[in-house]
1. Roughly how many debye, to the nearest 20, is the charge dipole of region 1-85 about its Cα centre, given +1 on each Lys and Arg Cβ, -1 on each Asp and Glu Cβ, and no other charges?
2. Quick check: residue separation of residue 124 and residue 196 times 0.36 nm, minus the Cα distance between them. What number comes out in nm?
3. Mind checking which of 116, 61, 209 is farthest towards the positive end of the chain's charge dipole, using Cβ charges of +1 (Lys, Arg) and -1 (Asp, Glu) about the Cα centre?
4. Build a GNM of the chain with springs between Cα atoms under 10 Å: which of 112, 169, 86 gets the top mean-square fluctuation?
5. Accessible area per residue of the chain at 1.4 Å probe, in Å²?
6. Name the most mobile residue of 34, 141, 153, meaning the one with the largest mean-square fluctuation, in a Gaussian network model of the chain with Cα contacts below 10 Å.
7. Please state the relative contact order of region 51-150 as a whole percent: Cα pairs under 8 Å, 6+ residues apart?
8. Please give the charge dipole size of the chain, origin at the Cα centre, charges +1 on K and R Cβ atoms and -1 on D and E Cβ atoms. Round to the nearest 20 debye.
Amino acid sequence: MRLDKFLSNMGYGSRKEVKVLLKSKAVEVNGEVVRDPKVHVNETADLVTVSGEKVEYTEFIYLLMNKPQGVISATEDKYEGTVIDLLEEAERNFEPFPVGRLDKDTEGFLLLTNDGKLAHELLSPKKHVDKRYFAVIDGKVTAKDGAAFEQGVMLDDGYVTKPAQLKILKSGEKSEIELTITEGKFHQVKRMFQSVGKEVTYLKRLSMGPLELDPKLKLGEYRHLAEEEIELLKQRK
């Protein structure tokens, strides 16, 4: 890995700031002062120090974002803003990606990481990882709908969903609900309600597996997962 990318990933500033740091002769690799940002280092074998202090290498990054509407859950797109665009350069340098997708107009819990193995485990249909949503529904949601979801409903393409748990918070012309599903088909929550003749007008993901959306995070904000939270995700496997 290039030295400037390595130091930026480890929290020593943007690539531009790291270049200034290198020019100050504060960085040593295996005891030798290095000023060239293009020098490559073996992040697990070489000893890199900044002002005499060892730089501890971290391979993976785990971020919890409160995704806003209007951005798509992708790493890049020619026409639309993505969740990656909301990250600072230090996080983007790790090349994280969203674990699963939230629709452009859906808000809430989104995990981003560069840990492909963990992401695969969380998204695997065999693992049945719970995903809980809050939704506003155009139409009166009833216990009959809950019973249908518990049995599994047929979507517009003929797919029958796995059992889902519906909690009715408010029932009326505009209903409010929480729905827990264990899979992630395209537009699944919206299509499940379409199957019972109703329309989702607002959708927010509240949780995934053992982790819940941090109420302190405003729309578009994110934070690094704590070690305990990372362990919870890994234990879930």
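1. 340 debye
2. 23.2 nm
3. Farthest towards the positive pole: 209.
4. Largest GNM mean-square fluctuation: 169.
5. 54 Å²
6. Looking only at 34, 141, 153, the largest GNM fluctuation is found for 34.
7. 28 percent
8. About 440 debye.
The values are calculated or read from the model by the stated rules, or taken from the named source; none is laboratory data. The shown structure was predicted, so the numbers you read here are calculated from the model rather than taken from an experiment. Glycine gets a Cβ as well: all are built from the backbone with ideal geometry, and neighbour counts include every protein chain shown. The accessibility values were calculated without ligands, DNA or RNA, using every heavy atom of the protein model including side chains. Shrake-Rupley method; radii C 1.70, N 1.55, O 1.52, S 1.80 Å.
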